[in-house]
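The values are calculated or read from the model by the stated rules, or taken from the named source; none is laboratory data. As the structure is a computational prediction, the values presented were derived from the model and not from experiment. FYI the Cβ positions are ideal-geometry reconstructions off the backbone, even for glycines, and counts take in every protein chain you see. Note: areas computed on protein heavy atoms with side chains; ligands, DNA, RNA excluded. Shrake-Rupley method; radii C 1.70, N 1.55, O 1.52, S 1.80 Å.
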Amino acid sequence: VSQSRYHGHQVDYTVQEAPLKHENLTFSASRLVGEFSKSMSFDVTLDELYNKYIKNTKYEKQANILKMDIEGSEWEILETTTVLNKFDQVLLEIHYLERLAKEDFQEECLSVLNKLFAHFRPIAIAGNNCCGFVTIGGFSVPRVIEMTLLNKNNHQFEFQENSEFLKSHLTRNYSNRAPYRDWE
């Protein structure tokens, strides 16, 4: 398999050029935002990125992966995008879950999760031990979680609980902090 068929596009408005240059990577010094948060000339939506770098290119027919860790902006981006179902896999860090105690955030959260789960099935969900947890309604909730989702149209699923597999694939983000689940 030729490496040239794989392509990645990086987006980061805090730097002017990619920290790693490779023939299979392109870069935008842009800020990924939701449709209603475009306020700067360097702001771009997920739909705009998809239309510019994937749509009508050789990459449109391959399995495209969306990886987002954008410190809370994911909520509006996921809520306003129309191209989410075009991705084969989504790797996502979800922030600000302490806001679940507020009714308006509960509605936004449910809307986004329903949109995600309409097209994707989660195959891994784990609390990130970076930011601690809060107690909401008697339950401990991590402030940040990480999810890996697969597009339902492209994959078949069979549930198998295998804690050894999970143990080998879930790690602490910060090794000096307590994990959310003790595997020992």
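Taking every residue in region 45-64 that is under 25 Å from GLU79 (Cβ atoms) and at pLDDT below 90 and pairing it with any residue that is assigned to a helix (DSSP H, G or I) and open to solvent by 50 Å² or more (accessible area, probe 1.4 Å), at least 6 positions away or on another chain, the pairs with Cβ-Cβ distances below 6 Å are ILE54/GLU60.
A residue that is surrounded by 15 or more Cβ atoms within 10 Å (Cβ to Cβ), among the hydroxyl-bearing types (Ser, Thr, Tyr), modelled with pLDDT of 80 or more and in a strand (DSSP E or B) can be found somewhere in region 142-160.
Can you tell me which residue within region 70-104, out of those that are of a type in the set (Asp, Glu) and outside any loop (DSSP other than H, G, I, E, B), is least open to solvent (accessible area, probe 1.4 Å)?
For region 70-104, the residue satisfying everything is GLU74.
Consider ILE136 carefully, then state whether it is touching a helix residue (DSSP H, G or I) at 6+ places or on another chain (Cβ under 6 Å) and of a type in the set (Val, Ile, Thr). Yes: the conditions hold for ILE136. Could you check region 48-69 and list, in sequence order, the residues that are open to solvent by less than 80 Å² (accessible area, probe 1.4 Å) and of a type in the set (D, E, K, R)? Answer for region 48-69, where residues must be open to solvent by less than 80 Å² (accessible area, probe 1.4 Å) and of a type in the set (D, E, K, R): GLU48, GLU60, ASP69.
Right, ASN24: open to solvent by less than 50 Å² (accessible area, probe 1.4 Å) and in contact with a Ser or Thr (Cβ under 8 Å, 6 or more places away or on another chain) or not? Yes; evaluated as a whole, the condition is true for this residue. Selection of region 118-138 for residues being touching a Lys or Arg at 6+ places or on another chain (Cβ under 9 Å), open to solvent by 60 Å² or more (accessible area, probe 1.4 Å) and either hydrophobic (A, V, I, L, M, F, W, C) or in a helix (DSSP H, G or I) (or both) yields ALA118, HIS119, CYS131, PHE133.
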